[in-house]
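Accompanying notes for the structure given below.
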Amino acid sequence: MIHTSRPTLPQETFSRTACTAALLCCLCAWLCPPAAYGQDALLSAVPTANVISPAERDASCRIIYLGFVGALEPSQNKHSGVVQIGETLRGVDYPDVCAKSYSPYVWTDGLDWLLKYFPAHSGILTSDELQHCPKVILVGHSMGGWAMLSVARRLRSRDIPVELTIQVDSVGITDHTVPRNVKIGAIFHARDVLMPLTTKHLRLEDASHTKMLADITVEGAGHESITRDPRIRELVMQTIASLRAGFAAPPIGE
């Protein structure tokens, strides 16, 4: 397993990001209704996932889902849509998916976990190596959006592609530009009193490599409830279905 170096982000930048995220989370407890437009119904509708042993899942892992929650949430916050998607993906219907969620404060732990499924050397991966590596999906909420793009940038340094990134009411000084190794990017943001503090639109580092699929303002959502917008889950599941179909297709030329 690779032991990645700790981030070199300037302390001032990290502190500004952390303080902004903390302010958001504190404010939304009073200002954002947790059951906006009936999304709490989705929580009760999420089935409890049956468990596959870690060894079995590691052996068959072809898709990685790495999620990051908001700054003041536990990494397994059951009310977070980011966590709920991961719970579904750990069920028996997805034996080929490895899924975990982390706090943005320990985003390098998430990176380390992801990289254990890739070759152990620290250099750029060859095309042959990539053919045998899992596909990557990243989702981040609030300060987790910044953490998610930090992971994507680290993967860029090794030419590891990211199939999909989704930022959900993202907060961060460096969360506005999607790196060129991301194939598809999306952002969902709430229209509420916290809107001036969150990222609304994204830039693409290289538009020839990245497609901006969705830039959606979710009406009636708050900073927390937006994570349970069904379109976020749908986008993740559609991407997984597409990847699975690609696995099943015969190689070109056969």
Point to revise | Whichever residue in segment 157-171 is assigned to a loop (DSSP other than H, G, I, E, B) and of a type in the set (A, V, I, L, M) and, among such residues, is farthest from the chain's Cα centre (by Cα) | key: I160
Revision key, fill the gap. Taking segment 191-205 and the residues there that are exposed (fewer than 13 other Cβ atoms within 10 Å of the Cβ) and in contact with a strand residue (DSSP E or B) (Cβ under 9 Å, 6 or more places away or on another chain), the one that is modelled with the lowest pLDDT would be H201
Practice item. Only residues that are of a type in the set (A, V, I, L, M) and in contact with a strand residue (DSSP E or B) (Cβ under 6 Å, 6 or more places away or on another chain): list them for segment 70-95, please. Key: V82, V83, L89
Revision key, fill the gap. When segment 104-129 is checked residue by residue, the ones that are of a type outside the set (S, T, Y) and in contact with a Pro (Cβ under 7 Å, 6 or more places away or on another chain) are L125, E129
**Study point:** Counted residues, segment 70-95 - those being closer than 15 Å to P134 by Cα and surrounded by fewer than 18 Cβ atoms within 10 Å (Cβ to Cβ)
**Key:** 1
Check your understanding: Before we move on, is M212 surrounded by fewer than 17 Cβ atoms within 10 Å (Cβ to Cβ) and free of Cβ contacts under 8 Å to residues at least 24 places away in the same chain?
Key -> no
Study note, to complete from the structure: When (1) charged (D, E, K, R); (2) more than 19 Å from V182 (Cβ to Cβ); (3) surrounded by 18 or more Cβ atoms within 10 Å (Cβ to Cβ) are applied to R154, the one that fails is (2)
Point to revise | For D159: the one exception among (1) surrounded by 17 or more Cβ atoms within 10 Å (Cβ to Cβ); (2) at pLDDT 95 or above | key: (1)
Review point. What are the residues in segment 172-202 that are farther than 14 Å from R153 by Cα and outside any loop (DSSP other than H, G, I, E, B), if any?
Key: I184, A186, I187, F188, H189, A190, M195, P196, L197
Exercise for review: Only residues that are under 14 Å from the mean Cα position of the chain (by Cα) and either modelled with pLDDT under 90 or under 22 Å from E73 (Cβ atoms) (or both): list them for segment 232-254, please.
Suggested key: I232, R233, L235, V236
Check your understanding: Looking only at segment 127-156, which residues are modelled with pLDDT under 95 and part of a loop (DSSP other than H, G, I, E, B)?
Key -> H132, S142
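Residues checked against (1) under 24 Å from V171 (Cβ atoms); (2) under 16 Å from the mean Cα position of the chain (by Cα); (3) at pLDDT 90 or above; (4) assigned to a loop (DSSP other than H, G, I, E, B):
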position	(1), (2), (3), (4)
H3	no, no, no, yes
C26	yes, no, no, no
T48	no, no, no, yes
A55	no, no, no, no
G70	yes, yes, yes, yes
N77	yes, yes, yes, yes
V92	no, no, yes, yes
C98	no, yes, yes, no
G110	yes, yes, yes, no
Check your understanding: Within segment 57-69, restricting attention to residues that are free of Cβ contacts under 8 Å to residues at least 60 places away in the same chain and either of a type in the set (S, T, N, Q) or touching a strand residue (DSSP E or B) at 6+ places or on another chain (Cβ under 8 Å) (or both), which residue is surrounded by the most Cβ atoms within 10 Å (Cβ to Cβ)?
Key -> R57
Exercise for review: Of all residues in segment 215-235, count the ones that are exposed (fewer than 14 other Cβ atoms within 10 Å of the Cβ) and either touching a helix residue (DSSP H, G or I) at 6+ places or on another chain (Cβ under 8 Å) or part of a loop (DSSP other than H, G, I, E, B) (or both).
Suggested key: 2
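The values are calculated or read from the model by the stated rules, or taken from the named source; none is laboratory data. Predicted model, so just to flag it, every value in this text is computed and none were measured. For neighbour counting, all protein chains shown are included, and Cβ atoms are generated from backbone atoms with ideal geometry for every residue, glycine included.
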